Amino acid sequence: MSPTYQDLIARAREVIPEVEPSDVAPRVEAGDGPLIVDVRETGEWDQGHLPGAVHIPRGFLESRIGGVAGDTGREMLVSCAGGQRSLLAAVTLRDMGYTNVSSLAGGFARWKQNDHPVEVPRILTPAQRSRYSRHVLIPEVGEEGQLKLLDSKALLIGAGGLGSPAAYYLAAAGVGTIGLVDDDVVDESNLQRQIIHTTDRVGMNKGESGREAIRALNPEVQVNVHPFRVTRDNVLDLLSGYDVVVDGADNFPTRYLLADAALMTKTPLVHASILRFEGHASVFVPYDGPCYRCLFPEPPPPDLAPSCGEAGVLGVLCGVMGNIQATEAIKVLLGIGDTLSGRLLIYDALGMTFTELKVRRDPDCPSCGPAADLRLRDYEAWCAGVGTHASEVAGATA
Amino acid sequence: MTIVKIPPVLRQAVGGERTVQAAGTTVGEVLGNLCDQHPAVGAQILTPEGDLHKYVNVYVNDEDARLLQWTDTPVGTGDTVLILPAMAGGSR
Ligand SMILES: [Zn+2]
């Protein structure tokens, strides 16, 4: 006669030790308990589980246990809702050669009844799971990474050529809070490249216009509009509210100001600059890699550094470079991959070439070097005086 | 001959070219030769004393010449010298 379910449970009890929640709880709370394998279904797991448990639904037990258990002698405690599925799962593990497997008596229900601590996983809502499904599918992002993005705050300096595509894609990606700093209003001549704005919003503040576009794309993103210029007086407050800053400024004083403020607030700075057919991009991670001033100790004089307004820019170049910034910002926020820290990427759209240069920390860097006298200065005066009295104004020799 | 890559802001000074061939065995000689061929470049990147301005970065292949031997860095056929001033554009 074939064994009934009750027979299987009874047989499992003969070979699998059962552990009472109160016996193992002190070890779990102290963080030196066994590896807890929760074999319930996802919907049950999402309601709460033992602290530090790993989730392997029973249907995936055989295929996934190797990846989490390591060696077969590892002490494991299998848990389920009431203590029966875990017994059967433990038998399976025993049959697979795992020698030190026990089952949680009474399961998660008894654990919870006894008021032991419970971890409730943060999860995406069904709507979020659908919206971000292509992210969730990527192992390097996954649900955990998507939750991290939703908790992240990115500050964009400029909602113009670079800021438009960067803000758009960061919003689409579900970066939870996006700050747009721009004192300018949308002009007709912006629309050739600043794709976050629209013809009917000409005259509106660029941050406000960006907020409208983002709201239409992804209403759950919080957009903070900062309709003013970044200055010495507001930069530290601004940056300290964000996890990453994306530099799409249009002038050197702002870029050097941001570089120093990023160091002071230890905020990673994602850099790009553009002109005609050429773009530069890099990432400056404070005190870990080089800073902007390690790369460019001094700005060139105005005739060697025309703005896009003076010299022109291919509209689509902004899309390429702004999206490189968005890519790097996402990697910084998720802590994945190799960023452009320590490298300057040069994109030449005419030749369709990408060139990489090495950027190293300058031991004598006046901003991030060990002897640096880092404080916010009058960057307008310094940039205007470069080559003549630059050193005295900005303390370049300090 | 060494290939010198010209940044967008200097292209007008070399007749619109993106690269220029220049002779010399060091970075200094190559840039000197470039400025002889195209004096308008010299006016932009050299001080009145003939030194490179501090705002001009120079790379030999992918390495910053400041971290090599600066203008004394030896270069030869097959090397690329890249002139790189910072760019500010981004927003407007
Ligand atoms: Zn530095």
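The values are calculated or read from the model by the stated rules, or taken from the named source; none is laboratory data. Quantities reported herein were computed from a predicted structural model and do not represent experimental measurements. When we count neighbours, we look across all protein chains shown, and the Cβ atoms used for this are built from the backbone with ideal geometry, even at glycine.
Points worth noting:
- Residues that are closer than 23 Å to residue A:218 by Cα, in a loop (DSSP other than H, G, I, E, B) and aliphatic (A, V, I, L, M) within the range A:115-133 comprise A:123, A:124, listed in sequence order.
- The criterion of being away from the ligand (no atom under 16 Å from the Cβ), in the same structural domain as residue A:313 (by TED's automatic domain parsing) and modelled with pLDDT under 95 does not hold for residue A:200.
- Total residues in the range A:346-370, condition outside any loop (DSSP other than H, G, I, E, B) and within 11 Å of another protein chain (Cβ to nearest Cβ): 7
- For the range A:344-382, the set of residues classified as closer than 29 Å to residue B:80 by Cα, more than 15 Å from the ligand (Cβ to nearest atom) and touching a residue at least 24 places away in the same chain (Cβ under 8 Å) consists of A:345, A:346, A:347, A:348, A:349, A:350, listed by residue number.
- Flag: residue A:292 does not match the condition of being under 26 Å from residue A:168 (Cα atoms), surrounded by fewer than 24 Cβ atoms within 10 Å (Cβ to Cβ), within 14 Å of another protein chain (Cβ to nearest Cβ) and among the aromatic types (Phe, Trp, Tyr).
- Contact annotation: residue pairs with Cβ atoms under 7 Å, 6 or more positions apart or on different chains, pairing a residue in the range B:1-13 that is under 20 Å from residue A:345 (Cα atoms) with a partner that is part of a strand (DSSP E or B) and among the hydroxyl-bearing types (Ser, Thr, Tyr), are B:3/B:19; B:3/B:80; B:4/B:19; B:5/B:19; B:5/B:80; B:6/B:19.
- Taking the range A:46-91 as the range and being under 21 Å from residue A:30 (Cβ atoms) and among the basic types (Lys, Arg) as the test, only A:74 passes.
To keep it simple, each residue is scored yes or no on (1) within 27 Å of the chain's Cα centre (by Cα); (2) more than 12 Å from chain B (Cβ to nearest Cβ); (3) of a type in the set (A, V, I, L, M).
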{"position": "A:303", "(1), (2), (3)": "no, no, no"}
{"position": "A:311", "(1), (2), (3)": "no, no, yes"}
{"position": "A:314", "(1), (2), (3)": "no, no, yes"}
{"position": "A:318", "(1), (2), (3)": "yes, no, no"}
{"position": "A:321", "(1), (2), (3)": "yes, no, yes"}
{"position": "A:327", "(1), (2), (3)": "yes, yes, no"}
{"position": "A:330", "(1), (2), (3)": "yes, yes, yes"}
{"position": "A:333", "(1), (2), (3)": "yes, yes, yes"}
{"position": "A:339", "(1), (2), (3)": "yes, yes, no"}
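- Candidate set from the range A:1-31 (those that are free of Cβ contacts under 8 Å to residues at least 12 places away in the same chain and among the small types (Gly, Ala, Ser)); member that is nearest to residue A:82 (Cα to Cα): A:10
- Within the range B:67-88, being facing chain A (nearest Cβ under 9 Å), farther than 16 Å from residue B:6 by Cβ and crowded, with 19+ Cβ neighbours inside 10 Å holds for one residue alone: B:88.
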